[in-house]
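Undergrad: Here it is, the structure in full.
The values are calculated or read from the model by the stated rules, or taken from the named source; none is laboratory data. Not measured: the values here are computed from a predicted model. Note that we place each Cβ from the backbone using ideal geometry, even for glycine, and neighbour counts take in every protein chain shown.
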């Protein structure tokens, strides 16, 4: 058996864990989370203990992501497919509860402490911790509160604090906007994972390597849901991170990316390659080789002449081109476009 055949069989066995079971019902989810309130809309039910503004931001982003997913399918000349029933999104505000729920009910292969959210193939829902509760944002708000107390004390002592008050207000607005952007980006990312698995637009998605799942989902992240977003549009946060890696010479080549079948979240370089480089590669292909990208997404996991699922490397070479040569073209295009 060749090394490539061994990798394919390993991917096949691993993919069995990614086959989405029939989505759990809202009643089943509420039985597990009786203190959470259901928020209904056409395409999703959000079950959450988050405040109304946070839930509404998530609801709007869920629906907009479905619209942009359908637009992507049209660009790929792939038909829109179900599900036509409402899907489930579980939004937590307590990190400990989020992690406990993930470990107890979703049987994740990764430590939930390493990820802010995930799609559960076992239950068909997406689950994430509201970004407003992330530790770094909480620490930033606490710093602003500390600064406010210092300014109040100075004002009480007769000091002029107009400039300090203006700085505080600017910091609050910037932090609040950062929270909103994180919420939109995280919601869109996890929604695409859910749609990839449950819409069946690409029937062989179970055989996709980890970098492709994460790269495609990352390519749908957005800071403005009112404008079109997806692989054919840039998300500044991911774009800037990629250009930094390109300048430092740390971007993964296409052959190296194609080998990332599974993701070790303890390996920061591998995670960056999957999320940042994978996002950039998918976006580049969506802009420059749209038809070939669609064929590539379809081909991974389809059977070859020996009856084995086609590997990502073989599918890429067959439907897009030589990975080593296209690496140079990709990087050169990205440098010209900056």
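Undergrad: Tell me which of these residue 210 doesn't satisfy, since it passes every other one: (1) under 26 Å from residue 74 (Cβ atoms); (2) not assigned by TED's automatic domain parsing to the domain that holds residue 91.
TA: (1)
Undergrad: Next question. Mind listing just one residue for me: the one in region 83-112 that is touching a residue at least 12 places away in the same chain (Cβ under 8 Å) and in a helix (DSSP H, G or I) and, of those, nearest to the chain's Cα centre (by Cα)?
TA: For region 83-112, the residue satisfying everything is 112.
Undergrad: Let me ask something else about it. Under the condition of being surrounded by 17 or more Cβ atoms within 10 Å (Cβ to Cβ) and without any contact (Cβ under 8 Å) to a residue 60 or more places away in the chain, which residue from region 24-40 is nearest to residue 83 (Cα to Cα)?
TA: Looking at the filtered set, the residue picked out is 39.
Undergrad: Kindly evaluate residue 186 against the criterion of being in a helix (DSSP H, G or I), in contact with a strand residue (DSSP E or B) (Cβ under 9 Å, 6 or more places away or on another chain), closer than 30 Å to residue 89 by Cα and outside the structural domain of residue 226 (by TED's automatic domain parsing).
TA: Considered against the rule, which asks whether it is in a helix (DSSP H, G or I), in contact with a strand residue (DSSP E or B) (Cβ under 9 Å, 6 or more places away or on another chain), closer than 30 Å to residue 89 by Cα and outside the structural domain of residue 226 (by TED's automatic domain parsing), residue 186 comes out as yes.
Undergrad: Take the conditions out of contact with any strand residue (DSSP E or B) (no Cβ under 7 Å at 6 or more places or on another chain) and surrounded by 15 or more Cβ atoms within 10 Å (Cβ to Cβ) and apply them to residue 97. Does it pass?
TA: Here the answer is yes, as residue 97 does meet what is asked.
Undergrad: Which one of these does residue 24 not meet: (1) touching a strand residue (DSSP E or B) at 6+ places or on another chain (Cβ under 6 Å); (2) farther than 30 Å from residue 310 by Cβ?
TA: Unmet condition: (1).
Undergrad: Which one is farthest from the chain's Cα centre (by Cα), of the residues in region 117-136 that are more than 24 Å from residue 34 (Cβ to Cβ) and surrounded by 17 or more Cβ atoms within 10 Å (Cβ to Cβ)?
TA: Among them, the one singled out is 121.
Undergrad: Looking at region 41-56, is at least one residue buried (at least 16 other Cβ atoms within 10 Å of the Cβ), in contact (Cβ under 8 Å) with a residue 60 or more places away in the chain, under 24 Å from residue 205 (Cβ atoms) and assigned by TED's automatic domain parsing to the domain that holds residue 181?
TA: no
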